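Read-outs: derived from the displayed coordinates by stated rules, not from any lab. This is a predicted model, so every value here is computed, not measured. Neighbour counts are summed over all protein chains in view; Cβ atoms, including those assigned to glycine, are modelled from backbone coordinates with ideal geometry.
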Amino acid sequence: MSIALIAALPFLGALLPGLMIRAGRDACAAMTGAVTLLALILLATNAPTVLAGGTVETRIDWLPALGLNASFMLDGLGLLFAGLILGIGLLIILYARYYLAEADPMGQFFTYLLLFQGAMLGIVLSNNILLLLIFWELTSLSSFLLIGYWKHLPEGRQGARMALAVTGGGGLCLIAGMLILGGIVGSYDLTVILQNKDQIQASDWYLPALILILLGAFTKSAQFPFHFWLPHAMAAPTPVSAYLHSATMVKAGLFLMARLWPVLAGTPEWFWIVATTGLVTMVVAATIALFKDDLKAVLAFSTVSHLGMITMLLGFGTKAAATVAVFHIINHATFKAALFMTAGIVEHAAHTRNLRRLGGLRALMPITFTIALLAALAMAGIPPLNGFLSKELMLQEAALTVWLTPWAMGVLATTGAILSAGYSFRFLAGGFLGPVRDDYPHAPHDPGPGLWAAPALLAGLVVLIGLFPMVAAAWLVDVAASAVTGEAVRAKITLCPRLRRLWDATPRPEAKPIFDWVIEGLATATRAVTERLHDGSLSRAIALAVLAIAGAAGWAFLGGSHTAGTRALLAVEPAALAVWAVVMLAALALPFLHRNRLVALVLTGVVGLLIAPIFALFSAPDLALTQISVEVVTILLMLLALNFLPKSTPLESRPLRRLRDAGIAGIAGLGIGGLAWAMLTRAPAFEPISGFHLAQSKPGAGGTNAVNTIIVDFRGYDTFGEIIVLGIAALVIFALSETLLRSPVVTRRLASTPPQREDGDRHPIMLVVAARLLLPMAMMVGVYIYLRGHNMPGGGFVAGLVFAIAYLMQYLASGYVWSHGRQRYDHHVLIGWGVLVASLAGVGAWAFGLPFLTSGYDYFTIWPLDEFELATASIFDLGVFLCVLGAVLLALASLARLGLRTGEAANTRPFDIDPTGKDR
Amino acid sequence: MEALVASLIGVLTAVGIYLMLRRRSFPLILGLTFLSYAVNLFLFASGRLTVNAAPIIGTADSYADPLPQALVLTAIVISFGMTAVLMIMAIGGHLEAGHDRLTLDHPDEDAPQDQPDDQKWDQP
């Protein structure tokens, strides 16, 4: 369990920063740090097992038949990456606390950061490649939020969009590649896949899978030619650059290559694709980095270059090279994160990152300079820092590798290494060495320890890792570092201007305009298509959709051969024929009469109510009851709504267009009617599953009404969802009516609504008296329908509707204010109770060790009644009842509240005249 | 009998879609209501038609298919919720915009220019 918990902790913790920010910035950062620290401690408790050579696994099965399970694994590689993510994460949180300005919303930042952290941990701990893919996409999304954190900066938004487009696109390729890989092996479990090297490499699908997976890895790890998004992502706040774009996210691609290295590597295809891409990336990016003026741009391209180097090492396919790659991942994470943080400090202090405006900071910012010196020298590969060790080993591996010619690889790798020393020295020389200037945009000075503590710790690690094999060389550090720096810097300064002119004169493609051009083209094309299909006219969109569906259905129909159905048909009954004739007449009259909306409503009511006897005739008494009661409520709702809408629909289209619409509607009607006919004249293709429900209705669920037992028992979970949807719909209506009531335009228009009453009686006394008399009787009927529901037609849905109608009668008779004033409980509360009671009925099963919503029943005898049955399903049905009642009343009451603003005086008495005569 | 039900489903669908193709919100909602009638009947019919066979155990020799009935029962209630949400949206649109047209802009050229109810609101 603990492995899954490590990945889950940041997601759970992501809720906290938003809350803790109210207690101050320190509390917010401390809470974020505590979550990370907790995950790190959990990781540490599992470390001994892994270090001893074992793996720790957690597996939660979900749909094992489909290969879907939440399966986590911690091995050496996972431990290294999880340690990096959490360890550097802690330092970043500390740094970000002091980096972010007062005006920046810190709670948001740490929430995004924790989401990202959780997604990253998910990638490195997943033991199921489908799960890994989900986390992979989550890192793309959360990094989008982080890069675009400063929403007011256009570069931030554009950079975030570019990063999402490139890494998200790569993620799509990766999904395809992983699915192919899983298909080859027949399992999505990483542990199983890793054991099937021969099967994978012998498959015809190896190359497509490899290319697709590598596309995912290369886009994520910014390999040439997808490297261009990373420098643009540097518009993010520096802690994000340090965390995502040097230490963790861009390493996800490397992690994936390392993870699948045992099964994918070792073939010529792997070597040529991976090693070449890595090599080209390393050299190209290092060259660009040498000529950048922005501190963060230098670091961004150097990151790309180092990622290329690691990719290349993985591409060699030898164990020694892969070991070096892993070693360099650690080293690069330490010195590059430290360098990003120093760049952030410099920007903070001097208000610029431009190397041409900096220089001489060594004397002004000695602490920052020391950190930058150590980290940059490690990046340059100066002994005895850790960068030297891995770079040395890399060159050794490259020299042994044959690529085109025996020496080409060695020469190019050495070129890359020299270039990397070059940009490291330029970073140092341009930023820190040289004379102190007097034209900094802001007077630079060392920041407080809050900002430099994190990079200092990393710089300490740089030294420690470098020294570990040769502690005796410690005394060399100061002397060698300063001596070499001085010499190299002088050499570079003399070289720089001429090289610079050459570089500036060389034509080269810029990635951003190309990217923008491609995106712009795609956007224009999609916009053109969309605007033709969907020009803002709803009727046009509906017509096109109907025609498209009809076309597809017609094409499918005409493509096959058909015979007439053979099912025996029922004989026509005269009563049914009469009902059919009336419904048809009412429905067909509607297109001609619909412009008078009241008439349209009456015709709709006729059709809706007459559907109930159709249900009743064809053995569905439950449906008949529901249809009648829902229809009543619907017509009341529409009548109420018509108060606020125009009473007629103007004639807006010419006869030709109406004919066209009738044609479209006719095609759809013919299609659906034909389909219904085809279905009704044939027996089902498969045996319906209802046999089970009918057989188990009594013994399994304890009720004889199979429809009700399906609703409250067999498919209770569906019903549970449905009453929640109904409740949400009612709350949406309430919320919308609240918003409308707050809008000045709406209240002004409501107040100027012309009075619509033509007769004098608002609340006729006969109606009031009848409604009062009916109330208790209707309620009794409702209770009866509810109670019999389990065994006879009825149940919670119908009972709720009957109750609702009884209450609505009171509203109709005596008006909203009078009726509502006499109501003791809120409609919202009814909905809440309904959902609560229904879920309690479900949760209750847990007490007996049974799954959610398992129902039980037994027989009881209470004197003087006969023996009767009590089922837990009826508690669930009570929840349904309450929710339906609350939702219907809330929906109609919300509409009625709008009427209070129409300028008519609200009634405070139950009826218009006072029968006691005191008024007169 | 089957022919009656199938033709009814077809006509309800056609009327529903014709109303949905109007350019005002109220006919659209009526059209959707008709379409829900048709869909509910269709779903119900997928259990095939039977008479005198209500699925109440112990009342008949064979029973109608209860599963489509249970599905349609909840669908009827949910379609009420949907209609109600659409209604408040239509009212809101009408009160906010001063008209209940569904078209965003460029009124169709073949539309006669008689829309008297639109200007009514803005008179003092």
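Data overview
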item	result
Nearest 10 degrees, 0 to 90: helix A:574-593 Cα axis against chain A principal axis	60
Residue-wise HN-Hα coupling along the stretch A:15-29, computed from phi with Karplus coefficients 6.51, -1.76, 1.60 (Hz; x: Gly, Pro)	6, 6, x, x, 7, 6, 4, 5, 8, x, 5, 5, 4, 4, 5
Per-residue ³J(HN,Hα) for the stretch B:50-58, Karplus 6.51 cos²θ - 1.76 cosθ + 1.60, θ = phi - 60°, Hz, x for Gly and Pro	9, 10, 6, 9, 4, x, 10, 4, x
Nearest 10 degrees, 0 to 90: helix A:276-290 Cα axis against chain A principal axis	70
Stretchable slack from A:T526 to A:A683, in nm (0.36 nm times residue separation minus alpha-carbon distance)	52.0 nm
Distance from the stretch A:813-888 to the stretch A:134-186 (C-alpha centre basis), Å	46
14 Å beta-carbon shell around A:M249, net charge (K/R +1, D/E -1)	+2
Chain A: relative contact order in percent, alpha carbon pairs under 8 Å with at least 6 residues between	7
Mean separation of Cα contacts under 8 Å, 6 or more apart, over the residue count of the stretch A:658-786: relative contact order %	7
Cα gyration tensor category, rounded, prolate or oblate, for the stretch A:709-920 with a/c compared to 1.5	oblate
The stretch A:709-920 - charge dipole about Cα centre, Lys and Arg +1 at Cβ, Asp and Glu -1, debye rounded to 20	1020
Peptide A:632-641, shielding by other chains (average Cβ, 10 Å cutoff)	4
For peptides A:520-533, A:187-200, sequence by mean Cβ density within 10 Å, most packed first	A:187-200, A:520-533
The stretch A:35-148 shape via C-alpha gyration tensor axes, a/c threshold 1.5	oblate
Computed lengthening from A:L38 to A:D912, 0.36 nm per intervening residue step minus Cα-Cα distance	307.7 nm
Charged-residue dipole, Cβ positions (Lys, Arg, Asp, Glu), the protein assembly as shown about Cα centre, Debye nearest 20	2200
Net charge, A:A568 excluded, C-beta distance under 14 Å - Lys, Arg +1, Asp, Glu -1	+2
Projected label distance in nm at A:W846 and A:W62, using a 7 Å step from Cα toward the beta-carbon	2.0
The stretch A:6-24-the stretch A:214-236 distance, computed between alpha-carbon centres (Å)	29
Taking A:K647, A:K336 and counting other C-beta atoms within 10 Å, the order from fewest to most	A:K647, A:K336
Residues whose placed amide H lies under 5 Å from that of A:W403, excluding near-sequence neighbours	A:A408, A:M409
Ordering of A:57-63, A:880-886 by packing [mean C-beta count within 10 Å, highest first]	A:880-886, A:57-63
Above-threshold pairs, the threshold being 21 Å between Cα atoms, out of A:K251/A:K319; A:K336/A:K512; A:K292/A:K336; A:K220/A:K336; A:K292/A:K391; A:K296/A:K336	A:K336/A:K512; A:K292/A:K391
Per-residue mean of C-beta atoms belonging to partner chains within 10 Å, peptide B:50-62	6
Built amide H within the under 5 Å cut-off of A:D294, gap 5+	A:L355
Sorted by Cβ neighbour density within 10 Å, fewest at the top, the residues A:L68, A:L636	A:L68, A:L636
Residues A:L892, A:L642, B:L73 arranged by fewest to most Cβ contacts within 10 Å	A:L642, A:L892, B:L73
Extension gain from A:S2 to A:S743, taking 0.36 nm per residue of separation minus the Cα-Cα distance	261.6 nm
Charge tally in the Cβ shell below 12 Å around A:L307, where Lys, Arg are +1 and Asp, Glu are -1, A:L307 excluded	+3
Inter-part distance where the stretch B:6-41 and the stretch A:255-317 are each reduced to a Cα centre, Å	61
Helix axis angle, A:476-505 relative to chain A longest principal axis, alpha carbon, degrees	70
Number of partner chain Cβ atoms within 10 Å, mean per residue of A:782-793	1
Per residue Cα convex hull volume in Å³ - calculated over chain A	271
Gyration tensor verdict on the stretch A:16-78 (Cα atoms; rounded if a/c is under 1.5, prolate if a/b is larger than b/c, oblate otherwise)	oblate
